[in-house]
Each structure stands twice: as C-alpha cells, then as structure tokens.
Amino acid sequence: MRKLFLLVLALCLLLSLAACATKGKTSDVKPIPAAQTTVQPTPETDAPETDAPETDAPETDAPETDAPETDAPATTAVTVPETTSEPLTGLTHGRIEDGAYWNESLNLRIACPDGFTFYTEDELAAQNNMTGNLLEQTDFSEVVKKNGQFIDMVMNTADGSSVNLVISPNNASLETFTDEQIISMMQGMLQEQYEKLGMHVKEAEVRTMQFMGADKPVLVLDIEVNGSSIEMYQFFDREASEDYYATNTITLFGDEIDAQTILDCYSRIH
C-alpha cells in the first residue's frame, strides 16, 4: 500500500513539473489546463511516430516488400526491442553495481544507504509499463521521447521510505528558469493536487541543502495522510546532461534516516 502511495505522490510531482514547463511557454496558461495537457503525452506522441513508420514503409515496399513491413510495427510500439540495432542517442539505462546506481549519461552515481534496497529490473519495468527483458534491449531515448519520462531508479526500506529518480527530456522552456523558480511555481500546484487526493500539506518550503559540495534548493513537503506524517524532498539534477535531467524524490516515513544523509550518497562518475 505504501509503495502505491509513494508512486501517487511522485506522479503528482512530475505532473506539476510538466505543468511548470507548459506555464513557462505561455504566460496566460492556467495551472489546471497545463496539468491536463501533461496527462496526454502518449496519445500526442504516438500519432506522429505512428505516421512516420507508415510513411516510410510504403516508400521501401516497392523495392524490398517484406523487410520494411517487419520493422514498421516494432517502431510504433512504446518499447522497441529492435532499436538495439541502432545507436543510442545520448541516453542509457542506469545499472546497479557494487551497491550503487550508475548512469554514465547523467554522470551520476548514487550509493545505497543502509537499510535501503534497489528495485529489481522487473520491478522497474513494471513501473514503466514494460516487461523486464526489454530493459536490456530498448533505446531509452525513444522511451523518454514517447512517454515524457522514464523511472530509472527506485530504492526503498521495509518501512516504506523511498528514493526514486526519473529521467525526463530537457525542456527548452525550463532552461531560462533556475531551480528556485521552478520549485516556487510548483508549490501551489502540488498542494492543490495533494489536497484533492485527501492529503493535508501541513507545510511547504524551500530549503538549501548540500548536494555534491554545493548549495542545492530542495522543495520540502510535510504531508499528513491517514494520521501518518510524511516528509517529501524533491530536487533536480540538470547540470550533467544537456539533453536530459533527473528529478529526484525522497520520501521519508519516521526518523529512520535523514534526507541529507541520502543527498550525501550522490556523486559524479567523472
């Protein structure tokens, strides 16, 4: 139950970030329409990508007939095993090695704190509506392009505390905003969404915390639901890649570990 609850919270955070991106494009966009546009990424991206293969298939049908028809349906799927035959475009799936998460595309390593365990490949695949075997043979740049995001790492404790990392394509409309400005835009939208879900946001503030030796603005939410208190921390890593950024969400039940200890587990690979 707690896993489901954490995923609902994380989804709300991601939708709010997408809404901020839309708000950055047009000054007269209201929060509710912006959020509505973010829940339609799959249909909107499916149409053009379905059209592209259909257009290519007839052009190659004349000389080759069968070969292009085999590739076309696979390309239109959300997860495409056949994409392994083509080079990845700047994005790789992270790996778990030596008790840490590694992702060269993000130049990021996250050591696993005491008491936490990483999600398995099958568990990650389930969160991304994939099957486990596709994690080893899918072009993740295509997945992120079609879905707007990809859950690349989750680790949690037996008591329900968790850390998750979601990769999203770098949105040009966000480039002109600082992390502080994005977080400021998110606060009101998050509180509204959580209240609609029956959660009470007792406090929302931006704290400065240490992240890889530098000050990092972190959105901190104190949430009460069903008599339980939850602390949620969200921050962005936008420095490591021009094409992608990572949204990091830490959700803590109780006092088993503090958020700064988890932040201290982050480091660059190079």
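No lab work stands behind these numbers, since they all come straight from the coordinates. The model shown is predicted, which means the values in this text are computed figures rather than measured ones. As a convention, Cβ positions derive from the backbone with ideal geometry for all residues, glycine included, and neighbour counts pool all protein chains shown.
Taking a ≥ b ≥ c as the square roots of the Cα gyration tensor eigenvalues, with a/c under 1.5 meaning rounded and otherwise prolate when a/b beats b/c, else oblate, which class fits the stretch 138-221? Rounded, because the longest to shortest axis ratio a/c is under 1.5.
Among the chymotrypsin sites (Phe, Trp or Tyr not before Pro) within the stretch 120-198, not one is in coil by DSSP while having at most 14 neighbouring Cβ atoms inside 10 Å. Taking Cβ atoms as reference points and 13 Å as the exclusive limit, the residues near residue 258 contribute a net charge of -4, counting Lys and Arg as +1 and Asp and Glu as -1. The Cβ shell under 10 Å around residue 269 holds other residues with a net charge of +1, Lys and Arg each +1, Asp and Glu each -1. The 3J(HN,Hα) values that the Karplus relation (6.51, -1.76, 1.60; θ = phi - 60°) gives for the stretch 254-270 are, in residue order, x, 10, 5, 7, 9, 5, 5, 4, 5, 4, 5, 7, 8, 7, 7, 7, 10 Hz. Gly and Pro appear as x. Which of the three applies to the stretch 156-270, rounded, prolate or oblate, going by the alpha-carbon gyration tensor with a ≥ b ≥ c and a/c under 1.5 meaning rounded? Oblate, since a/c reaches 1.5 and b/c is not below a/b. Residues whose amide H falls under 5 Å from that of residue 119, counting only those 5 or more places apart or on a different chain, are 154, 155, 156, with hydrogens built in the peptide plane.
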